[in-house]
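Colleague: Can you read through this structure? Questions will come right after.
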Amino acid sequence: MTQPITLLGLESSCDDTAAAVVRRDETGAVQVLSNVVFGQTDLHKAFGGVVPEIAARAHAEKIDHCVERALDGASLNLAEMDAIAVTSGPGLIGGVMSGVMCAKGLSAATGKPLLGVNHLAGHALTPRLTDGLVYPYLMLLVSGGHCQFLIVRSATEFSRVGGTIDDAPGEAFDKTARLLGLAQPGGPAVQSEAELGDPKRFKFPRPMLDRDGCDMSFSGLKTAVLRARNDVMVDNTIKRQDVRDLCAGFQAAVVDVLAEKTKRALTQYMLEDPSIPALAVAGGVAANTAVRAKLESISAELGVQFTAPPLALCTDNAAMIAYAGLELFEAGQRDDLELSARPRWPLDRASAPMLGSGKKGAKA
Ligand code: KG4
Ligand code: ZN
C-alpha cells in the first residue's frame, strides 16, 4: 500500500492541445482519470501542413480551457494534484512554450512541483501505462512526425537503435495520398484503397535494406509513387484501379521496410536478455492494419510479446505526459520556474542527432 499520486499533464508540442489527469492508486495501479485533446487539423487544412504560428496561437488560446476540462473530467481541483507535468520539448517551439508557460503559472500559483517531460518519452512509456510492460522493452515509434526504435530501460534511459534519416512513415502516407488526390490524413485513405489494390503491380524501392543497421528512409518512396502515377495518368486523370494499385504497392514497401528493420532491432534488443521480451508500437501509423499484422507475426515468430496501445493513447495526448511525469516524480525529478522549452531534445544523448525535421518540427 502506497500513498496515491495524482498528476496533471499538459501537451502542446505540435497540433494537439491536450490536458489529462493520471493517478497511481494505493494498490500501485494507474488510471487515466481524464484525457482531453483539442485537435487543430481544421486550422491547418488549407496549408497542407502544420503552420507553427497558427499552432502556437491556438495552443495559447485553448490550453487553459483544456486544463479546466481535464480537472472537471477527473472531478478534482488543482489543489488535489501532487505535481504538474508538461511537455517541454521536442517540438514546435511556440507550441511547447504555450504549455510550459501555462504549467509554470499553475505551479507558481499553487506551489505544486513542476516537471518537464520529453514528448518522445511520453510515447515511449505509454505501454507501461496501458499494459504494464516491464523494462527493458523495444519501442517502435511510427507517426507523422516520428520514426525510431528505442530500447526503453527506465523513464530516463533510452537507446535509439535506429530511425528515419528523412521523412517519417506517416508523412510518406500523407504525401502519397496528396499525390493521388486522396483525403488527409493520408494513412487511413491509402490503407483503404490499398485493400482493393494489387501490391505487386508497381515495383517500389525498399530503401536502405541493403545497408546494415536499423536506420530507414521514406522520402524516396513518394518520388517513386509520383513517377509511377505520372506514367499511368492520361489527360491528367488517373483510374481508380491505378490509385488502388499504387496505394497497395506503396504500403507493401513501407511494411517490408518496417518489418525487416524491426527484426534487426529485435535481434539487437534480445542481446540484453530481457526478462519478459516485448515489442511495443506507438504513433498514428500503428493504426495501419497491414503494419500491425506484420509486426504481430514477427513478434510471434520470435517469441516476443506484442503490444499496441489503444489509438487515443498512441497519438499525441497528455495522459502519456502525465504518466511519464508520474514516473519521473517517483524517481525524484523536480523542475522549477527556470524550466525552458527545447525544440530539439533527443532521448538518447549518446546517439547521433536525427536529421531533418517533420511536421512536428525537429525530429528529436
Ligand atoms: O501520431 P499521430 O496522430 O501524429 C503525429 O505524431 O504525427 O500520427 C498521424 C500520422 C499521419 O501521418 C497519418 O496519416 C498516419 O499517422 N496514420 C496512418 C493510419 N492512420 C493514421 N498511417 C497509415 N495507416 C493508417 N491507418
Ligand atoms: Zn508525438
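The values are calculated or read from the model by the stated rules, or taken from the named source; none is laboratory data. These figures come from a predicted structure and were not determined experimentally. Glycine gets a Cβ as well: all are built from the backbone with ideal geometry, and neighbour counts include every protein chain shown.
Colleague: Just to verify a result, which residue in segment 281-321, among those that are part of a loop (DSSP other than H, G, I, E, B) and of a type in the set (A, V, I, L, M, F, W, C), is nearest to ligand 2 (Cβ to nearest atom)?
Modeller: Let us first name the residues in segment 281-321 that are part of a loop (DSSP other than H, G, I, E, B), namely 283, 288, 303-304, 308-310, 315-318.
With of a type in the set (A, V, I, L, M, F, W, C) added as a condition, the list becomes 304, 308, 318.
Numbers: Val304: 24, Ala308: 15, Ala318: 11 Å.
Ranking the candidates gives Ala318 first.
Colleague: Which is surrounded by fewer than 17 Cβ atoms within 10 Å (Cβ to Cβ) and not aromatic (Phe, Trp, Tyr), of Gly91, Gly49? I'd like the intermediate steps shown before the answer.
Modeller: On the way: Gly91 fails: surrounded by fewer than 17 Cβ atoms within 10 Å (Cβ to Cβ).
It is Gly49.
Colleague: Only one of Leu33, Leu78 is touching a residue at least 12 places away in the same chain (Cβ under 8 Å) and in contact with a strand residue (DSSP E or B) (Cβ under 7 Å, 6 or more places away or on another chain); which? Break it down stepwise before answering.
Modeller: Values: Leu78 fails: in contact with a strand residue (DSSP E or B) (Cβ under 7 Å, 6 or more places away or on another chain).
Being touching a residue at least 12 places away in the same chain (Cβ under 8 Å) and in contact with a strand residue (DSSP E or B) (Cβ under 7 Å, 6 or more places away or on another chain) holds for just one of Leu33, Leu78, which is Leu33.
Colleague: Hey, another quick one. In this structure, does Val161 turn out to be of a type in the set (Val, Ile, Thr), crowded, with 24+ Cβ neighbours inside 10 Å and either under 27 Å from Asp25 (Cα atoms) or away from ligand 2 (no atom under 16 Å from the Cβ) (or both)?
Modeller: No; evaluated as a whole, the condition is false for this residue.
Colleague: Hey, another quick one. Could you identify the single residue in Ala189, Ala224, Ala172, Ala228 that is more than 16 Å from ligand 2 (Cβ to nearest atom) and surrounded by 23 or more Cβ atoms within 10 Å (Cβ to Cβ)?
Modeller: On the way: Ala189 fails: surrounded by 23 or more Cβ atoms within 10 Å (Cβ to Cβ); Ala224 fails: surrounded by 23 or more Cβ atoms within 10 Å (Cβ to Cβ); Ala228 fails: surrounded by 23 or more Cβ atoms within 10 Å (Cβ to Cβ).
Step by step, each of Ala189, Ala224, Ala172, Ala228 is checked, and only Ala172 is more than 16 Å from ligand 2 (Cβ to nearest atom) and surrounded by 23 or more Cβ atoms within 10 Å (Cβ to Cβ).
Colleague: If I ask for residues that are surrounded by fewer than 21 Cβ atoms within 10 Å (Cβ to Cβ) and either under 28 Å from Gly39 (Cα atoms) or of a type outside the set (Asp, Glu) (or both), which ones from segment 288-298 would you list? Reasoning before the result, please.
Modeller: Our first condition is that a residue be surrounded by fewer than 21 Cβ atoms within 10 Å (Cβ to Cβ); within segment 288-298, this holds for 289-290, 292-294, 296-298.
If the condition is that a residue be surrounded by fewer than 21 Cβ atoms within 10 Å (Cβ to Cβ) and either under 28 Å from Gly39 (Cα atoms) or of a type outside the set (Asp, Glu) (or both), then Thr289, Ala290, Arg292, Ala293, Lys294, Ser297, Ile298 are the ones that fit.
Colleague: Next question. Only residues that are within 16 Å of ligand 2 (Cβ to nearest atom) and either assigned to a strand (DSSP E or B) or not assigned by TED's automatic domain parsing to the domain that holds Tyr323 (or both): list them for segment 1-25, please.
Modeller: First pass over segment 1-25, keeping only residues within 16 Å of ligand 2 (Cβ to nearest atom): 9-20.
Across segment 1-25, the qualifying residues are Gly9, Leu10, Glu11, Asp16, Thr17, Ala18, Ala19, Ala20.
Colleague: Here is a check on your reading of the model: is Leu141 closer than 19 Å to Val304 by Cα, within 12 Å of ligand 1 (Cβ to nearest atom) and touching a residue at least 60 places away in the same chain (Cβ under 8 Å)?
Modeller: Working: closer than 19 Å to Val304 by Cα: yes; within 12 Å of ligand 1 (Cβ to nearest atom): yes; touching a residue at least 60 places away in the same chain (Cβ under 8 Å): yes.
So Leu141 passes the test.
Colleague: When residues of segment 261-280 are filtered for being assigned to a helix (DSSP H, G or I) and of a type in the set (A, V, I, L, M), how many remain?
Modeller: Initially, segment 261-280 is screened for residues assigned to a helix (DSSP H, G or I), giving 261-270.
Checking the rest, the ones that are also of a type in the set (A, V, I, L, M) come to 265-266, 270.
Adding up the residues that qualify gives 3.
Colleague: If we scan segment 34-43, do we find a residue that is modelled with pLDDT of 90 or more, assigned to a loop (DSSP other than H, G, I, E, B) and surrounded by 20 or more Cβ atoms within 10 Å (Cβ to Cβ)?
Modeller: No, every residue in segment 34-43 fails to be modelled with pLDDT of 90 or more, assigned to a loop (DSSP other than H, G, I, E, B) and surrounded by 20 or more Cβ atoms within 10 Å (Cβ to Cβ).
Colleague: Kindly indicate the residue of segment 99-124 that is in contact with a Leu (Cβ under 9 Å, 6 or more places away or on another chain) and small (Gly, Ala, Ser) and also farthest from Cys147 (Cα to Cα) among those meeting that condition. Explain how you work it out, then say what you get.
Modeller: So the first thing to find is which residues in segment 99-124 are in contact with a Leu (Cβ under 9 Å, 6 or more places away or on another chain), and the list is 99-100, 102-104, 106-110, 112, 114-118, 120-121, 123-124.
Subset that is small (Gly, Ala, Ser): 99, 103, 107-109, 116, 121, 124.
On the way: Gly99: 24, Ala103: 28, Ser107: 33, Ala108: 36, Ala109: 38, Gly116: 22, Ala121: 13, Ala124: 12 Å.
Going through the qualifying residues, I end up with Ala109.
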